[in-house]
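Student: Pasting a structure below so you can have a look.
The values are calculated or read from the model by the stated rules, or taken from the named source; none is laboratory data. Bear in mind the structure is a predicted one, so any value in this text is a computation, not a measurement. Note that each Cβ is placed from the backbone with ideal geometry, even for glycine, and that neighbours are counted across all protein chains shown. For the accessible areas, the whole protein counts, side chains as well, though only heavy atoms, and no ligand, DNA or RNA atoms are used. Shrake-Rupley method; radii C 1.70, N 1.55, O 1.52, S 1.80 Å.
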Amino acid sequence: MDLDRIDFAILDALQNDARLSNKELAARINLAQSSCLERVRRLREDGALRDAHADVSDEALGIGVQALIHVQLTRHSRDLVSEFEVYVRAIDEVVAAYHVTGEHDFMLHVVVADTEHLRDLLLDRFTTRDEVSRVQTQILFSYHRRPARPNFRARPPKRHEEVESRG
């Protein structure tokens, strides 16, 4: 993707508030409305801007518990991993699935109504699977999700030494 500073400004603004109208976005980045609209369209077509989502409260949806489920597969083959990924993507309670290194093969972020729902999810959807050898669950007491990702193409990441030297 060939992005310039204006594209980065558009992405940054929309990451922080996807509800901005084209008029508001153009004013915020000091660009003509027609040019802004064309750039947003191109960013979508190029895949830099994928989608916009509403941040709905868990309480409104009846979600009372969130957990991380660590899953270890019986073996680690390409076909088995792919099949398991397809399987977990179809489970409504799984809001994020990570194929990871280390002791476990997957880390799944799940949302459920309560601990009984969590227990049933584990017993009915994971421990019954032949390819699953072990599950480990951690209930989340709290979490913070950063709505916008840092842009390392527009500004290089700060190195650990730089942060420490500033005290």
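Student: Output the qualifying pairs, or none if there are none: Cβ atoms under 7 angstrom, residues six or more apart or on different chains, first residue in segment 138-157 and within 23 Å of Val112 (Cβ to Cβ), second residue of a type in the set (Gly, Ala, Ser).
Tutor: Gln138/Ala67; Ile139/Ala67; Leu140/Ala67
Student: Given the condition over 16 Å from the mean Cα position of the chain (by Cα) and closer than 25 Å to Arg119 by Cα, answer yes or no: does some residue in segment 17-39 qualify?
Tutor: Within segment 17-39 (the criterion being over 16 Å from the mean Cα position of the chain (by Cα) and closer than 25 Å to Arg119 by Cα), the answer is no, since none of the residues qualifies.
Student: Failed condition for Ile139, given (1) open to solvent by 80 Å² or more (accessible area, probe 1.4 Å); (2) farther than 21 Å from Glu59 by Cβ; (3) not in a loop (DSSP other than H, G, I, E, B), with all others met?
Tutor: (2)
Student: Let me ask something additional. Kindly establish whether Asp105 is acidic (Asp, Glu) and out of contact with any helix residue (DSSP H, G or I) (no Cβ under 9 Å at 6 or more places or on another chain).
Tutor: Values: acidic (Asp, Glu): yes; out of contact with any helix residue (DSSP H, G or I) (no Cβ under 9 Å at 6 or more places or on another chain): no.
When the stated conditions are applied, Asp105 does not pass them.
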